[in-house]
Amino acid sequence: MKIFRTDLHIGLNNKLFEISSGSLGLDKVSFSEDKITCTIHSEQAPNGYYLKGLMTVSIRESCDRCLIDFNSKQKIEFSILLTSDVKLIKNDEHDVIFFTDQDDAIEIDPVLAEYILLDRPLKKLCTEDCKGLCTSCGCNKNEIDCDCKQETQSSSREVLKNIN
Ligand SMILES: [Zn+2]
Ligand SMILES: [Zn+2]
């Protein structure tokens with residue numbers, strides 16, 4: 001998605017943008033909706049502009065406990081500094097994109113892609129209290145209450161033996 005200098009000059013006031021997830025080059029993320037909506041607010045900054053925004057992303061994840069696919073809708077905030085000041089390139093508060101006076105527009109997709117990757121949880125759960133799969137019979141314990149005994153070290157070893 002390109003942001004144009006002329007728009008920045010006037011100022012973006014929570015303007016709504018739509019991006020196709022395909023344009024982000026995130027092959028390992030499966031989006032459940034191609035459309036990513038994004039509102040952006042811009043402000044003047046020293047030697048450039050601040051872009052602050054919120055994007056809504058729908059990602060298809062697979063639960064780490066019960067292995068079922070689920071949709072995860074994330075609202076991700078971002079804060080980007082567009083600047084021609086090289087000294088500001090290292091900045092903890094914002095992601096910085098080099099934007100010189102000669103540039104008429106700036107591509108922000110790579111930075112948005114980074115935000116999406118960083119926002120994904122390490123542990124993916126369909127619900128906070130997902131009960132997972134029974135280690136004995138393999139049923140989804142969110143759906144069925146099986147009669148298997150509480151798992152112990154020896155019984156799970158027993159299961160492995162049966163599978164082999
Ligand atoms: Zn689950
Ligand atoms: Zn069971």
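Given the criteria in contact (Cβ under 8 Å) with a residue 60 or more places away in the chain, in contact with a strand residue (DSSP E or B) (Cβ under 7 Å, 6 or more places away or on another chain), within 16 Å of ligand 1 (Cβ to nearest atom) and more than 27 Å from F98 (Cα to Cα), does S62 qualify?
Details: in contact (Cβ under 8 Å) with a residue 60 or more places away in the chain: yes; in contact with a strand residue (DSSP E or B) (Cβ under 7 Å, 6 or more places away or on another chain): yes; within 16 Å of ligand 1 (Cβ to nearest atom): yes; more than 27 Å from F98 (Cα to Cα): yes.
Yes: the conditions hold for S62.
Looking at K87, K75, can you tell me which residue is more than 16 Å from ligand 1 (Cβ to nearest atom) and free of Cβ contacts under 8 Å to residues at least 12 places away in the same chain?
On the way: K75 fails: free of Cβ contacts under 8 Å to residues at least 12 places away in the same chain.
K87 is the lone residue from the list that is more than 16 Å from ligand 1 (Cβ to nearest atom) and free of Cβ contacts under 8 Å to residues at least 12 places away in the same chain.
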Q: Test each condition in (1) among the basic types (K, R); (2) surrounded by 15 or more Cβ atoms within 10 Å (Cβ to Cβ); (3) more than 30 Å from E143 (Cβ to Cβ) for R65 and report the one that comes out false.
A: (3)
Q: Inspect all residues belonging to the stretch 138-154 and state whether any of them is out of contact with any Cys (no Cβ under 8 Å at 6 or more places or on another chain), in contact (Cβ under 8 Å) with a residue 40 or more places away in the chain and more than 16 Å from ligand 1 (Cβ to nearest atom).
A: no
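To keep it simple, each residue is scored yes or no on (1) at pLDDT 95 or above; (2) away from ligand 2 (no atom under 16 Å from the Cβ).
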site: D101; (1), (2): no, yes
site: D104; (1), (2): yes, yes
site: P110; (1), (2): no, yes
site: P121; (1), (2): no, yes
site: E128; (1), (2): no, yes
site: Q150; (1), (2): no, no
Q | Of all residues making up the stretch 76-95, the number that are modelled with pLDDT of 90 or more and under 18 Å from G48 (Cβ atoms) | A | 7
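The values are calculated or read from the model by the stated rules, or taken from the named source; none is laboratory data. What you see is a predicted model; the values in this text were computed from it and never measured. Counting neighbours? That spans all protein chains shown, and the Cβs are built from the backbone with ideal geometry, glycine included.
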